[in-house]
Amino acid sequence: MRKIVIVLGVVVGLIWSFSVLAEEDKTISSGGPYQADEHTVLLMHFDELDGNPKDSSKFGNDAYSNTATWTGEGKFGPALQFDGIDDAVVIASNKNLQFKGAITCEAWIKCLGLGGEKYQTILAKPGEYMLHLWKDGSSICFLNWGSLGTIGADVDFRDKQWHHVAATYDGKKRNFYIDGELRESDEPSGSIENSNAPFSIGTYFKGTEFNGLIDEVRISNIVRTFKASDK
Ligand SMILES: [Ca+2]
Ligand SMILES: [Ca+2]
């Protein structure tokens, strides 16, 4: 009888441990990989491992140029590696990627060292909005061309680890999240500007090249919120 009780105790203990592990796994995987919803205008899982990346949103914003290298070592499955010299993913401009009011830009990034001479582009719609690191990965900015200007966060990305970065604007307030934590906010005056420039990931201009891995890029036409478990 005592043996049975001990065996039962061990079994219950194991079940409990596995359920705790399963909970932890669920927490880690939040923040992606995402499913496209009605507000998703671009969603790049970067899982193709070949050719040009495809958009999983209903808008079909597929890339038409990819000079980055596929890797199986992404945040979620495969990702793209950018060499810090000339690698880019380019997507044609269209009105779904232009914003009148609300926008959320986000990506998972792993910076691997020095990039372009000016800074390191994560994503950019030149003339409208851009997420970029300082050239050595020592800080991050969300820039809106025109009157809104820049919001920055003094966060060091030189640890060669994956980080989730997100910026939102609702027409009034701008929020900047790193690994799901709200790091900076402001209320810039002015309005969003639109341009016909292509949307780029990794670089958009000489001197702005990203050095490292990028995964799970999502652009949304609403303000999304994030929490600290998004990492
Ligand atoms: Ca991926
Ligand atoms: Ca190259």
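Here are a few things to note about the model shown:
- At 0.890 mPa s and 25 °C, Stokes diffusion of the stretch 138-226 via Kirkwood alpha-carbon radius, µm² per second: 169
- The share of alpha-carbon pairs in the stretch 186-230 lying farther apart than 15 Å comes to 71%.
- For the chain, the pair-distance distribution built from all alpha carbon pairs, in bins 10 Å wide starting at 0, is 8, 32, 35, 12, 5, 4, 2, 0 percent.
- E106, E48 arranged by Cβ crowding within 10 Å, fewest neighbours leading: E48, E106
- Cα centroid of the stretch 81-132 to Cα centroid of the stretch 166-231, whole Å: 9
- Taking S220, S189 and counting other C-beta atoms within 10 Å, the order from fewest to most: S189, S220
- For the stretch 42-117, applying the loop criterion from DSSP together with a ceiling of 14 other beta carbons within 10 Å to the chymotrypsin sites (Phe, Trp or Tyr not before Pro) yields Y64.
- The stretch 48-180 - Rg over Rh from alpha carbon coordinates, Kirkwood radius: 0.94
- Helix axis angle, 2-29 relative to the chain longest principal axis, alpha carbon, degrees: 0
- Annotation: the residues C111, C141, sorted from fewest to most other C-beta atoms within 10 Å of their own C-beta, follow the order C141, C111.
Coordinate-derived values only; no laboratory data. None of the values given here were measured: they were computed from a predicted structure. Positions of Cβ are generated from backbone atoms using ideal geometry, with glycine treated the same way; all protein chains shown enter the neighbour counts.
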